[in-house]
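Only the coordinates and a few stated rules stand behind these numbers; no lab work does. Bear in mind that the values here come from a model prediction, so they are computed numbers and not experimental data. Glycine gets a Cβ as well: all are built from the backbone with ideal geometry, and neighbour counts include every protein chain shown.
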Amino acid sequence: MKRTIFVALLLASTLAAATAAAQPAPFNDAGVTMGHWHLISKDVEANKKLFLAMGGKLFNPGQPVIMFPGLYINLMLGMEKGDGGTVGSSVNHVGFVVDNVQRRVAEWKAAGVTVLPGGALPAGGTRQDQAYVETPDGLRMEILEDKTQTVPIRNEHIHFALPAAEIPKAQAWYAKVFGGQTAVRNNAPVVNLPGVQLRFNTAETKQAPTRHRVLDHIGFDVKDHPAFVKRLEAQGITLDEPPRKGGANTITYITDPWGTRIEIIERGPLGPEVVQTALAPQGGRGQAEQPYPRLPNPPVKSPADTTAPDIPGVVAGGTKVHLIRDLFHSTEGPIAMPDGSLLFTEQDAGDGRIVKIATDGTISTFVDNTNRTIGLAFDTKGRLISAQSHLGRIGVLYPTKATLVETVDGLPVVSPNDLVADSKGGIYFTDPVGGRFGPPPPERKTARVIYIRPDGKAVTVSEQVERVNGISLSPDGKVLYAANGPTVSAFDVQADGSLRNFRTFATLMGGNADSMCIDNAGRLYVAAGGVQVFSPEGKHLGTIPTPLNAQAPAFAGRDKKTLFIVGGGSVYSVAMIAEGIKGRAK
């Protein structure tokens, strides 16, 4: 019988890194931002399990705090007891926004979360872009959809229930007290504050106060607690209790005129995240599985430059593999721009960014917030296409951001890795089953090579490459190459973009194939330890060693005769005899 044992492991990250990850929205001019919901959970472990299944992160396990983007959720209030859900109180429900309601609902249900359907539609059925989750003790949460966001879930709103005559007063009160902006949404009044929108629904009668219910109070973080208390007192607002210290926090409470209790907190450091991870079943090796998200190795200083061997027609012996810069955060996906500048992805810089190295050596950020992009390509329209790994999808990053593909043949894109554009306006990309940011959905069984046709429709063209990773095309576009563990696979490309004649093109001289590029003579350059070079017939010609393990090569520079290699957070350049394909990004 298999037994899964859950253990709490403190991440070996710094306190500053952990608190930065939990940072709420920036303060407004009044020094206010959304802070937290404070629950009096009847079953702390049940609520903790539910919120973690929905994508939250656990902090402070003794008095558990769950963090979502823009929100903390406190699960306990000392030893106090609470009774009564949000329905029937002045806060009817609270709300999250997800990137895809149906996808997240399926994941949550698989993890044991009970999800209620969205509202009824006039023509029958229910809304597909809305759902509800309710904790066992009655906290109701509305789930709405924003397909443009780059996180799976974030805090969005608090929905008050008040008699109709009181709603204009409440809107004005919250705007004045907390420096919010009044607005209208769906013909209803709202107040916008950093990290949250306050919404108001009509209740037939006055609702119960929140105090001593499951949602005991909501909380706003303030930048300067003494100054904000003076602001409250100047408006004639009486504090429920004098300001006091609670650990590193300074707190006090007020109650709005309609019964919602509000904590005012200047928050100290939260402490490191605690990751829940599963140990191997009994009878196994007993080693812990790596938790999600799977953290990258920290960036390291590059060792000294290496030198290339003599590979006739490719590189002169003794040529330096020259370090341009190290200590980037997970370097991937190099490609050339039309002017010879290099772009590459820094996957773990925040939510990812694209770095540009200009032909004069200047280094700058080209695009930020890339949804942890790995591979890049320029299509025939000049758009920068990206394989986005956090929320699995193919998208456009430049000149404007857009989503191209999230599902193919009815199955979700899980962890797209690399892509290459053809001359017809189509794009091939690889989609392994496993990813860093969550387990694959149960319906995804095999790795895929996918083709986005020039008309925009995406179709699976191969499921034969078991360990798919990097991908490339021959100079004439007639052969597609795909990394496949210790080998490189090849296909013949058909006129409609489909693939035939699956075969092994080359066997590596050690290591596993990562990303790859090709020169104008059809030689293939495969990142595997260093950069292994193969003839158009698949013969190993030599290996260019790199100080750190190579992850991806690309030709760039004004004459396309510089091979750039990224890996381990470093970027290297090699002056080549060989030349990349002009007019192609890689």
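In the chain, the longest principal axis of the Cα atoms and the axis of helix 167-178 are about 70 degrees apart. Relative to the dominant Cα principal axis of the chain, helix 101-110 is inclined by about 80°.
For n ≥ 4 DSSP H runs only, could you compute -39500 (n - 2.57) per run for the chain, divide by its residues and tell me the 222 nm figure to the nearest 500? Present the calculation step by step, with values, prior to reporting the outcome.
Details: 5 runs with 49 residues, N = 586.
Only helices count here, giving -2500 deg cm²/dmol.
Relative to the current alpha-carbon distance between TYR132 and HIS540, full extension at 0.36 nm per residue lengthens the span by 141.1 nm. Electrostatic tally near GLY569: other residues with Cβ closer than 13 Å to its Cβ, Lys and Arg +1, Asp and Glu -1, net -2. The orientation-averaged projected area of the convex hull spanned by the Cα atoms of region 25-76 comes to 3.8 nm².
Computed from the Cβ-Cβ distance with R0 of 30 Å, the FRET efficiency linking ASN369 to ASN512 stands at 0.50. When the P(r) is computed for region 403-488, the part past 17 Å accounts for 44% of the Cα-Cα pairs.
Taking amide H as placed 1.01 Å from N in the peptide plane, SER462 has its amide H under 5 Å from the amide H of VAL449, each at least 5 places away in sequence or on another chain. A straight Cα-to-Cα reach below 18 Å connects LYS230 with the aspartates and glutamates ASP29, ASP221, ASP240, GLU241, ASP256, GLU263, GLU266, residues fewer than 8 places away in its own chain not being considered. Place a point 7 Å from Cα of ALA358 in the direction of its Cβ. Which residues in region 303-344 have their backbone N less than 15 Å from it? Label zone hits: 337-343.
Applying 1/(1 + (r/R0)^6) with r as the Cβ-Cβ distance of LYS169 and LYS478 and R0 = 60 angstrom yields a FRET efficiency of 0.25. Projected onto their three principal axes, the Cα atoms of the chain cover extents of 83, 54, 53 Å, largest first.
Mean silhouette area of region 23-269, derived from the convex hull of its C-alpha atoms and averaged over all directions, reads 13.4 nm². Restricting to region 23-269, compute how many DSSP beta bridges are antiparallel as a %, nearest 5. Antiparallel bridges make up about 70 percent of those DSSP assigns within region 23-269. Each principal axis of the Cα cloud of region 306-575 was taken in turn, and the coordinate range along them, longest first, works out to 52, 39, 33 Å. Only beta bridges with both residues in the chain are counted; by DSSP, about 90 percent of them are antiparallel.
Ranking ASN187, VAL214, VAL229 by Cα position along the charge dipole of region 183-278, where only Lys, Arg, Asp and Glu carry charges on their C-beta atoms, puts ASN187 farthest toward the positive end. In the chain, the longest principal axis of the Cα atoms and the axis of helix 44-53 are about 40 degrees apart.
With the highest mean first, a sort of the peptides 201-212, 139-150, 419-430 on other beta-carbon atoms found within 10 angstrom per residue produces 419-430, 139-150, 201-212.
Between LEU239 and GLN181, 0.36 nm times their residue separation minus their Cα-Cα distance comes to what? Could you put the intermediate results ahead of the total?
Details: separation 58, 0.36 × 58 = 20.88 nm, distance 2.36 nm.
Residue separation times 0.36 nm, minus the Cα-Cα distance, leaves 18.5 nm.
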